[in-house]
């Protein structure tokens with residue numbers, strides 16, 4: 001069966017510090033990978049998605065970046081955090097499909113980031 | 001990607017059937033309608049997906065009329081544990097999903 005891991009679970013960082021959040025998927029190959037952010041009381045905002053190693057699409061201009069160094073590894077980074085980067089960060093994966101619009105994504109447990 | 005509109009919140013009591021309606025007037029021909037459930041401090045969980053007419057699984061039913069401009073998620077006999085935010089989404093072939101603010105369903109005893 002497939003599982004998705006995220007770490008750390010919680011993180012408190014000062015403004016201006018760097019960030020690295022990691023996500024890994026097990027039990028599947030060639031997944032589509034996604035990073036979302038959810039601010040308190042808000043819906044999910046898609047930040048990045050990837051359809052393969054080294055292939056990253058950015059949805060929202062910001063001081064965050066993403067990388068996919070391996071097939072089942074997705075990393076979210078920042079060089080300098082802002083207060084507005086606080087939120088709940090979720091990684092998700094979906095199976096690679098063609099043609100059919102299949103919208104089932106599987107989410108990880110999330111990382112709660114607080115920037116002070 | 002279809003823009004969806006759904007109520008901000010709904011209240012219900014245990015044992016009742018709950019119907020949450022979502023409008024998606026500009027749904028594309030190849031878009032499916034998908035519903036997710038999210039509990040606090042957890043990632044969303046896929047509930048059900050459909051293209052047209054009615055789909056039923058062990059958790060819910062989804063009704064989509066012929067014009068596909070709206071859909072209704074039906075939760076039979078809700079319990080307290082069904083209190084959550086429910087998202088209606090329309091997606092495209094790239095699997096990019098756009099989550100709105102969803103509907104907060106509060107189930108009371």
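Any read-out appearing in this document is the output of simple, stated calculations on the displayed coordinates, not a laboratory observation. Bear in mind that the values here come from a model prediction, so they are computed numbers and not experimental data. All Cβ positions, even for glycine, are placed from backbone atoms using ideal geometry, and neighbour counts span all protein chains on display.
Quick notes on this structure:
- P(r) tail fraction, chain A - alpha-carbon pairs more than 24 Å apart, %: 21
- Three-way shape call for chain B based on the alpha-carbon gyration tensor, with the a/c threshold at 1.5: prolate
- Normalised contact order of chain A, rounded percent, pairs of Cα under 8 Å and 6 or more residues apart: 35
- Debye intensity ratio I(q)/I(0), log10, region A:1-51, q values 0.19, 0.24, 0.31 Å⁻¹ (C-alpha model): -0.87, -1.16, -1.25
- Cα shape, the protein assembly as shown, gyration tensor, a/c 1.5 rule: prolate
- Peptide B:31-37 has a mean shielding of 3, counted as Cβ atoms of other protein chains within 10 Å of each residue's Cβ.
- Approximate spin-label separation residue A:96-residue A:59, in nm, with each point projected 7 Å along Cα-to-Cβ: 2.1
- Relative intensity, log₁₀ I(q)/I(0), of region B:25-71 from a Debye sum that treats every alpha carbon as a point, q = 0.26, 0.27 Å⁻¹: -0.94, -0.98
- Anisotropy class of region B:1-60 from Cα gyration tensor, a/c 1.5 cut: prolate
- Computed on chain B, with alpha-carbon pairs under 8 angstrom and 6+ residues apart, the relative contact order is 37 percent.
- Whole-angstrom gap from region B:40-109 to region A:41-116, using each part's C-alpha centre: 22
- Peptide A:41-54, shielding by other chains (average Cβ, 10 Å cutoff): 3
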